[in-house]
Amino acid sequence: MGTEAAQNAAPETTSTTSANGDRQHLEIRQKALQEELRELVDVVGPGPLVDLLLERAFQLNATDIHFDPSPVGLRVRLRVDGMLHDVLELPQNLTAQVISRLKIMSGMDITERRLAQDGHISQAVLKHKRDIRVGSGPTVYGERLVLRLMPDDDQFTQLDQLGFEEDQLERVRKMVKIPYGVLLAVGPVGSGKSTTMYSCLSLRNRPTDSVVTIEDPVERHLDGVNQIQIDPKIDFTFVKALRGVLRQDPDVMMIGEIRDPETAQIGVRAGLTGVTVLSTMHASDALATIDVFRELGVPPMFIVDAVKCVIAQRLIRRVCSECRETYKPDEMQQAVLGLSAEEAASVELARGRGCENCFNTGYSGRTGVFEVFSMTPQLRQAVLRHTGQDDLREIAISEGLITLEDAARKKVLRGETSIDELIRLQVAFSA
């Protein structure tokens, strides 16, 4: 009863109080998971411990597992909804056994501890429908492992489930259907670019089209698609795979990532010669993609003719539906949202109190926020004149571009996410 009264009497949260609440609530769920793992270690040892940890990570929809060595043992963390959470601190005497177990499962050389290695835990080993990518590397306290849990093939996300605004969604659907040209998803690591490209690819996966992907690695298996995995160990690179595929009469081609001048130039030329090219790239926003292509040596004329659509994106956390509550914005929050006092009077924001269903963070799942940029006649002329990124952005906004911040603001006002997530996005842009 006292706890309820304290919660009801609490003032509107700011970013700091929300973060403190997250840390406090997480301890409950973390301790339960830690206790379960520790009991298993005491009874059966590190082998079943690893199996249980992987199973729990899948159940919690974690995207990564970090095994970080420290002077006293091995720190284990799960990334859930984009945030890392401590779940266990293994003692020093178990560290080598757990690391060795994971390296054997992923096909790594367990005797090599001085160099970075890449590995893969297959579906067959896991008896599960998800693969795991594994990366190892040396630190001053020993080997570090990071496991990336790949998407479940059965849980495919359609384009209209990603979080696009309605007019953005219509534009993307229209652009995906074009018979040739380049469509890109851009953003930092872990922003959902591959998921977006797979969703776009599914719209072009038709019996009448020859569809090919070139990936490192193949993240999701699709029926009816010819999927190629590159292998740098035998010098089978993106460039060599691209050249080979272009001789095989493709209609649609997905390149896992454009990250070097040769891949960029071959991909753009393919888009100019009758192939629909889907790919991802690291760029801060949609307009920054133009500068990235310039840096990679692609001529402006090729950029404006080939690049049909750029989707910039970030992932933000959704407010948990089980512990969701609404409240009126205070003056600071009104300023962040750009609301007048009159507008704020009719607005209710949402936040999560924290419960067992959301790992006690107040958030459950993530959604995307997007910028969708397509080349218009005015933008085409501006790019050919080597106009700077800021001026290009002004032109795009005047023509209706919804920026990443505007898209996040819309989700806050609809109660899909919290204002703290908008502030986190703004801080990332200003950094």
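The values are calculated or read from the model by the stated rules, or taken from the named source; none is laboratory data. Just so it is clear, the structure is predicted and the values come from calculations on it, not from any experiment. Ideal geometry is used to build each Cβ from the backbone, glycine not excepted, and the neighbour counts take in all protein chains shown.
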Quiz item: Are any of the residues in segment 268-277 within 21 Å of D209 (Cα to Cα), modelled with pLDDT under 95 and crowded, with 22+ Cβ neighbours inside 10 Å?
Solution: no
Quiz item: From the residues in segment 187-210 that are of a type in the set (V, I, T) and surrounded by fewer than 22 Cβ atoms within 10 Å (Cβ to Cβ), which one is nearest to the chain's Cα centre (by Cα)?
Solution: V189
Quiz item: Got a sec? Which helices (runs of 4 or more DSSP H) wholly within segment 113-229 have at least 2 residues that are free of Cβ contacts under 8 Å to residues at least 40 places away in the same chain, of a type in the set (K, R) and in the same structural domain as K411 (by TED's automatic domain parsing)?
Solution: 166-176
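So that you can scan it fast, the table gives a plain yes or no per residue for (1) at pLDDT below 95; (2) within 24 Å of R351 (Cβ to Cβ); (3) touching a strand residue (DSSP E or B) at 6+ places or on another chain (Cβ under 6 Å):
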residue	(1), (2), (3)
E371	no, no, yes
T376	yes, no, no
T387	yes, no, no
D390	yes, no, no
G400	yes, no, no
A407	no, yes, yes
K410	no, yes, no
G415	no, yes, yes
Quiz item: Can you list the helices (runs of 4 or more DSSP H) found entirely within segment 262-342 that contain at least 3 residues being free of Cβ contacts under 8 Å to residues at least 40 places away in the same chain?
Solution: 288-295, 331-337
Self-check item: Some residue of segment 169-182 being in contact with a strand residue (DSSP E or B) (Cβ under 9 Å, 6 or more places away or on another chain), modelled with pLDDT of 95 or more and acidic (D, E)
Solution: no
Quiz prompt | Failed condition for E371, given (1) over 16 Å from D167 (Cα atoms); (2) crowded, with 19+ Cβ neighbours inside 10 Å; (3) acidic (D, E) | solution = (1)
Quiz item: Can you spot a residue in segment 232-241 that is closer than 30 Å to T387 by Cα and charged (D, E, K, R)?
Solution: no
Quiz item: In segment 381-409, which residues are assigned to a helix (DSSP H, G or I), loosely packed, with under 15 Cβ neighbours inside 10 Å and not acidic (D, E)?
Solution: Q381, L384, Q389, I397, S398
Quiz item: Taking the condition modelled with pLDDT under 95, in the same structural domain as P179 (by TED's automatic domain parsing) and more than 23 Å from Q161 (Cα to Cα), does I234 pass?
Solution: yes
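Could you grab me the full set of residues in segment 236-261 that are outside any helix (DSSP H, G or I) and more than 17 Å from R204 (Cα to Cα)?
Pass one, segment 236-261, residues outside any helix (DSSP H, G or I): 236-237, 247-260.
Those that are outside any helix (DSSP H, G or I) and more than 17 Å from R204 (Cα to Cα): F236, T237, R247, Q248, E257, I258, R259, D260.
Quick check, is L84 in contact with a strand residue (DSSP E or B) (Cβ under 6 Å, 6 or more places away or on another chain) and modelled with pLDDT of 80 or more?
Working: in contact with a strand residue (DSSP E or B) (Cβ under 6 Å, 6 or more places away or on another chain): yes; modelled with pLDDT of 80 or more: yes.
Criteria met by L84.
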Quiz prompt | Residue list for segment 343-361, filter: part of a loop (DSSP other than H, G, I, E, B) and either of a type in the set (D, E) or more than 29 Å from H85 (Cβ to Cβ) (or both) | solution = S346, V347, E348
Practice problem: For segment 314-328, state whether one or more residues are touching a Leu at 6+ places or on another chain (Cβ under 7 Å), within 30 Å of V347 (Cα to Cα) and buried (at least 21 other Cβ atoms within 10 Å of the Cβ). | Solution: yes
Quiz prompt | Which listed residue, of D216, D231, is within 23 Å of R133 (Cα to Cα) and out of contact with any helix residue (DSSP H, G or I) (no Cβ under 8 Å at 6 or more places or on another chain) | solution = D231
